[in-house]
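Okay, structure first, notes after.
The values are calculated or read from the model by the stated rules, or taken from the named source; none is laboratory data. In this text, all values refer to a predicted model and were calculated from it rather than measured experimentally. Because the Cβ atoms are built from the backbone with ideal geometry, glycine has one as well, and the counts that use them run over all protein chains shown. For the accessible areas, the whole protein counts, side chains as well, though only heavy atoms, and no ligand, DNA or RNA atoms are used. Shrake-Rupley method; radii C 1.70, N 1.55, O 1.52, S 1.80 Å.
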Amino acid sequence: MIEFLNISKSFRQDFWQKKVKILDSINFSIKSERITGFLGANGSGKTTTLKILFDFIRPDSGQVKFDKSLIGSRNKFEKIGFFPERPYFYQHSSGLEFINLMASISMHKEKVTKEKLEYWSHRLKIDHAINRQIRTYSKGMLQRLGFITSVIHDPELIILDEPMAGLDPVGRKLFKEIILELGKQKKSIFFSSHILSDIQEICDEIVLLEKGEIAFQGEVEKLLHESKRSKGSEDRYECVILKPDDLELTWSPVKTVGEGASKFWYYEIVDTEIGNFCNKIIEFNLKIQRIEKVTPTLEEIVYPTIN
Amino acid sequence: MKENLLKILVISKFSVIELMRSKILIMIAICSLLVILISYIASELSYGMPNKIALDVGIGLLSISLLAISIFMGATLISKEIENRTLYMILSRPISRAMFLTGRVIGVLLLQALATIILGMTTIFLLKILGGKIEPIIFEAIFFVFLEAVCALLLVIFFSLITNNIAAIIYTIFLYGCSYACVELKEFLYVKNKPFVKNFIEFYQATLPDFTKLNLKDFVFYADKLPSNYFVIGSAYGISYSAFLFFLVIIIFNKKEFH
């Protein structure tokens with residue numbers, strides 16, 4: 001859909017200071033009909049990348065290539081909806097007026113806008129406040145309003161910069177559900193977030209930006225698999241059994257929890273040993289509390305990569 | 001083309017609504033009341049020409065109000081959008097920077113036109129009540145005050161795009177003051193005797209905005225006859241200089257990076 005080709009960007013933070021390289025020849029693409037997470041630590045260049053995409057700033061070198069199917073008859077941003085980080089609105093207007101402004105700029109038909117607005121304001125639970133002046137909105141309501149403005153014109157590609165920042169758990173859950181729903185409707189979604197569990201939960205793909213360079217692009221599963229392979233680590237199982245009286249197993253428990261008759265042993269058993277371990281449990285008729293395969297989380301993989 | 005015009009109109013309509021809801025209308029209403037109040041006090045204290053005083057106060061306050069709207073609104077018109085990131089939402093839609101800027105400027109101009117009509121009508125109404133004669137030059141002077149405000153608005157937007165808000169306000173007021181100071185300076189014997197200084201002032205007047213060309217207040221107040229073609233030349237100067245500033249502002253805005 002959109003390709004970033006060799007994009008580099010440097011900023012001079014002060015007139016007398018040397019330029020700092022924010023993006024260093026980055027190459028990646030936003031794929032059609034996929035939910036792509038854009039990951040990176042603070043200052044890694046995520047927002048700069050998005051600003052280049054929308055021509056707010058210009059790259060020192062490289063280009064952003066838009067797919068022909070995405071470019072509308074009037075403008076290349078016609079089929080894109082954008083939700084900037086910490087959106088700010090005209091304080092004296094009502095939510096309804098602002099949404100109408102955004103829909104009018106996109107030349108969206110009034111009737112369709114009205115229908116969409118009804119649906120989205122109800123779905124995001126701000127229908128009760130849509131006629132109120134924006135300056136009376138809470139932070140969560142502003143996020144919801146921002147989200148509506150980014151989808152009101154029914155875009156094919158939705159770009160969200162930290163959409164869930166500042167939302168309460170209910171709001172986060174709602175946003176995640178909506179993003180997944182839009183994904184099912186074959187919309188392409190590209191969103192940046194610091195919350196790795198969110199990305200793991202809802203994204204098909206991730207783009208990992210590290211100090212201005214692309215560290216990874218691909219499916220989340222692929223990253224988890226590659227990481228495991230590069231570390232040479234085996235699958236592990238977490239096993240919890242009720243501590244037997246006067247019995248020692250070959251394996252040492254990681255920890256012991258509980259007291260008296262309810263004392264539990266916690267084990268971490270590697271893939272090659274799990275068969276023997278289970279046999280011993282059956283042999284000694286031990287009581288199993290839980291046996292679970294330990295899957296590495298995105299956090300466990302990405303944080304060491306970023307650090 | 002039609003779509004582009006519609007987009008500009010949408011932005012300007014929204015700008016007018018937004019500006020109307022800020023405190024600007026209250027300021028215009030206060031100015032109107034001031035015109036009435038000061039004119040009344042002055043007419044009570046003066047002897048023989050209360051209508052002249054009403055006219056002078058009215059046009060003077062109109063000029064100050066419009067300049068204040070231009071300078072203080074113009075300084076934040078675009079820079080506030082960049083600071084608050086509202087610009088990011090709008091420019092990520094199918095609208096060009098030039099269209100957005102045009103819409104915003106038209107919005108402020110419409111508001112200034114409204115202020116001109118309200119304050120101008122108040123002045124003319126008072127003049128009529130106090131027995132003054134309504135000459136065509138009064139309307140010409142009011143039009144020139146509007147043109148002066150347009151010029152100041154574009155000048156302050158220009159500065160706000162290359163510096164910060166405070167500097168933009170200071171530079172605009174400085175240039176406004178300089179244009180009047182130049183006229184006075186040219187009368188100094190020292191300047192008359194120094195061709196270099198005189199040429200410098202003339203060069204300054206030819207290149208930088210000369211607000212004195214848009215000032216008819218003396219002609220109105222002293223009932224001087226306006227030189228022939230003065231109105232046409234002054235209008236042409238105001239409109240062409242504003243157009244030049246507008247294109248300059250668009251070029252800078254198109255090239256500007258929004259960090």
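Summary of values
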item: Test: residue in region B:214-227 that is modelled with pLDDT under 90, within 20 Å of the chain's Cα centre (by Cα) and open to solvent by 90 Å² or more (accessible area, probe 1.4 Å); result: yes
item: Tally of residues being facing another protein chain (nearest Cβ under 9 Å) and either under 25 Å from the mean Cα position of the chain (by Cα) or at pLDDT 80 or above (or both) across region A:105-115; result: 2
item: Qualifying residue in region A:142-160 (condition: over 22 Å from residue A:182 (Cβ atoms) and at the interface with chain B (Cβ under 9 Å from one of its Cβ atoms)); result: no
item: Condition broken by residue A:86, with the remaining ones in (1) closer than 25 Å to residue B:76 by Cβ; (2) at pLDDT below 85; (3) open to solvent by less than 50 Å² (accessible area, probe 1.4 Å) satisfied; result: (3)
item: Residue match in region B:26-36 (condition: surrounded by fewer than 21 Cβ atoms within 10 Å (Cβ to Cβ), under 25 Å from the mean Cα position of the chain (by Cα) and within 14 Å of chain A (Cβ to nearest Cβ)); result: yes
item: Residue A:102, sole failed condition from (1) buried (at least 21 other Cβ atoms within 10 Å of the Cβ); (2) away from chain B (no Cβ under 14 Å); result: (2)
item: Residue check for residue B:12: touching a His at 6+ places or on another chain (Cβ under 7 Å) and within 14 Å of chain A (Cβ to nearest Cβ); result: no
item: Some residue of region B:81-99 being away from chain A (no Cβ under 14 Å) and in contact with a helix residue (DSSP H, G or I) (Cβ under 7 Å, 6 or more places away or on another chain); result: no
item: One residue from B:157, B:137, B:117 being out of contact with any Asp or Glu (no Cβ under 6 Å at 6 or more places or on another chain), open to solvent by 10 Å² or more (accessible area, probe 1.4 Å), at pLDDT 90 or above and away from chain A (no Cβ under 14 Å); result: B:117
item: Verdict on residue A:199 being outside any helix (DSSP H, G or I) and either farther than 30 Å from residue A:272 by Cβ or modelled with pLDDT under 85 (or both); result: no
item: Some residue of region B:6-19 being open to solvent by less than 30 Å² (accessible area, probe 1.4 Å) and at pLDDT below 85; result: yes
item: Index of the failed condition, residue A:16 passing every other in (1) more than 8 Å from chain B (Cβ to nearest Cβ); (2) crowded, with 16+ Cβ neighbours inside 10 Å; (3) part of a loop (DSSP other than H, G, I, E, B); result: (2)
item: Test: residue in region B:39-55 that is away from chain A (no Cβ under 14 Å), among the β-branched types (Val, Ile, Thr) and in contact (Cβ under 8 Å) with a residue 12 or more places away in the chain; result: yes
item: Checklist (1) at pLDDT below 80; (2) in contact with a helix residue (DSSP H, G or I) (Cβ under 7 Å, 6 or more places away or on another chain) applied to residue B:40, failing item; result: (2)
item: Residue ID - most open to solvent (accessible area, probe 1.4 Å), chosen from residues in region A:19-35 that are β-branched (Val, Ile, Thr) and within 24 Å of the chain's Cα centre (by Cα); result: A:22
item: Selection from region A:261-286 of residues that are loosely packed, with under 11 Cβ neighbours inside 10 Å and of a type outside the set (Ser, Thr, Tyr); result: A:261, A:275, A:279, A:282, A:283, A:285
item: Selection from region A:197-213 of residues that are surrounded by fewer than 20 Cβ atoms within 10 Å (Cβ to Cβ) and within 17 Å of residue A:47 (Cα to Cα); result: A:210, A:211, A:213
item: Any hit, region A:101-113, residues being within 21 Å of residue A:191 (Cα to Cα) and of a type in the set (Lys, Arg); result: no
item: Residue list for region A:54-82, filter: more than 9 Å from every other protein chain (Cβ to nearest Cβ), over 22 Å from residue A:101 (Cα atoms) and not aromatic (Phe, Trp, Tyr); result: A:59, A:60, A:61, A:62, A:63, A:64, A:65, A:67, A:68, A:69, A:70
item: Residue among A:123, A:172, A:135 that is among the basic types (Lys, Arg) and within 14 Å of chain B (Cβ to nearest Cβ); result: A:135
item: Residue check, residue B:52 crowded, with 17+ Cβ neighbours inside 10 Å and basic (Lys, Arg); result: yes
item: Some residue of region A:164-187 being over 15 Å from residue B:89 (Cα atoms) and of a type in the set (S, T, N, Q); result: yes
item: Residue match in region B:61-74 (condition: aliphatic (A, V, I, L, M) and either within 30 Å of residue A:55 (Cα to Cα) or at the interface with chain A (Cβ under 10 Å from one of its Cβ atoms) (or both)); result: yes
item: Whichever residue in region A:238-252 is at pLDDT below 85, at negative phi and not aliphatic (A, V, I, L, M) and, among such residues, is least open to solvent (accessible area, probe 1.4 Å); result: A:244
